């Protein structure tokens, strides 16, 4: 019995020591804005903390990126980004800022808050500036060109079709440069986006059905595991009236396992379903 009491006391002391150590470590982590991942929305809100006046840095951007897959966190991150913190003249900080802006503005909380809105246009313009700085700091790496084009595209969509057409002269060359530097980056995302530009631009602004199909279809061959590539192909077919092919492409998208982040995949799945519904509806009406 005495041995059992000793064991219980020792276990209690160990538990208290562990609790104290954990609290001390947690305080240090919060102080440095470098907490680890989260398990639930409620836990995320408690664990994730961000000083809205904190200066941007690689460390902070990595911390934010690791904690982006939560709606509550996304609201905090959005509040931070709309203040347009100064982007350090550092290549990684610059392109990572642009990447974060694109994510926050397009997925989860930001999809309703920023997509196709004036506030979104302002946010994406901030991302464009960050990516442009990355391009200027290092023209031999793909990330600056890639995220410059993606933020420009999002900015154009938030403003108007005419704005998208107007910035195509800057965006399309950036996409071509990204393809030249690292074509496989983002599962051939630059190739896919360039194809979308050719698809959506009027012919008088350089649009081309043939070039669009060639580029978008090639991404499904080179990265067939990427749902977004198949969604883009299905949307292309719907756009030009090839509804049976659209249905097949987006059914393929629906059959694939998730590859990217939770909120990206949720949107791609929804777009794939919308693509299938549109194709079936048009087939029935013809």
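FYI, it's all coordinate maths here, none of it is from the lab. What you see is a predicted model, and the numbers here were worked out from it, not measured in a lab. For neighbour counting, all protein chains shown are included, and Cβ atoms are generated from backbone atoms with ideal geometry for every residue, glycine included.
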Work out how much length residue 176 to residue 79 would gain on full extension: take 0.36 nm times their residue separation and subtract the Cα-Cα distance, in nm to one decimal.
31.6 nm
Quick one: if the Förster radius is 30 Å, what FRET efficiency do residue 52 and residue 138 give, using the C-beta to C-beta distance and rounding to 0.05?
0.55
Where a ≥ b ≥ c are the square roots of the eigenvalues of the C-alpha gyration tensor, would you call region 55-147 rounded, which needs a/c under 1.5, or, failing that, prolate if a/b is larger than b/c, or oblate?
prolate
Average Cα contact separation per residue, region 195-281, under 8 Å, 6 or more apart, as relative contact order %:
25
Rounded to whole angstrom, the alpha-carbon centroid of region 181-202 lies from that of region 128-177 at a distance of 12
With a 10 Å radius around each residue's Cβ, average the other Cβ atoms per peptide and rank 49-60, 80-91, highest first.
80-91, 49-60
